[in-house]
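Asker: To start, I am sharing the structure in question, which I have written as structure tokens.
The values are calculated or read from the model by the stated rules, or taken from the named source; none is laboratory data. Quantities reported herein were computed from a predicted structural model and do not represent experimental measurements. Neighbour counts run over all protein chains shown; Cβ positions are idealised from the backbone, glycine included. For the accessible areas, the whole protein counts, side chains as well, though only heavy atoms, and no ligand, DNA or RNA atoms are used. Shrake-Rupley method; radii C 1.70, N 1.55, O 1.52, S 1.80 Å.
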Amino acid sequence: MQILIINGPNLNLLGRREPGIYGTRSFDEYLPELREAFPDFTLEYFQSNHEGELIDKIHEVGFTYHGIVLNAGAYTHTSLALADALAAIDSPVVEVHLSNVAAREEIRHKSLIGKNCVGSISGFKLDSYRLALHYFEGLRPKRVGFRV
């Protein structure tokens, strides 16, 4: 399965930005662990601080990849354009957040992109990505029957 992990604005600073909220590891340090844990997946990674670049990448892969794991950062709560891009594609999208957005500022309680995602995972720091990949693991075809 070909899965794209997309991180939005300020997530390039993971490990350095507000470690009490987001943790002390960078995503680049974590990605090899995800690849090892999901060897049957082709995991690609893209990060941008720019809304248009995120939309362009979603358009590029959203009709051919098996899924997208999206941490849109603050654009989750503000970007109708990103929500529209997700509505336009065929690939299923899982929305992820490292922090528990429900326990944060009120503006973070509403997701504009959530209605165009198959689900949302938040509050598990970097493990939110692993949990999202487990969803896609469940979509893989299963062997049926008995082995001889």
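Asker: Being modelled with pLDDT under 95 and touching a strand residue (DSSP E or B) at 6+ places or on another chain (Cβ under 9 Å): is that true of Leu139 here?
Answerer: Taking the combined requirement at face value, the residue satisfies it.
Asker: Residues in region 1-59 that are open to solvent by 70 Å² or more (accessible area, probe 1.4 Å) and at negative phi: how many?
Answerer: Residues in region 1-59 being open to solvent by 70 Å² or more (accessible area, probe 1.4 Å) and at negative phi: 18 in total.
Asker: Same structure again: Scan Phe27, Phe41, Phe63 and give me the residue that is in contact with a strand residue (DSSP E or B) (Cβ under 7 Å, 6 or more places away or on another chain), among the aromatic types (Phe, Trp, Tyr) and over 22 Å from Ser99 (Cα atoms).
Answerer: Phe41
Asker: Inside region 76-90, can you point out the residues that are open to solvent by 10 Å² or more (accessible area, probe 1.4 Å) and either at pLDDT 95 or above or touching a Pro at 6+ places or on another chain (Cβ under 6 Å) (or both)?
Answerer: Leu80, Ala81, Asp84, Ala87, Ala88, Ile89, Asp90
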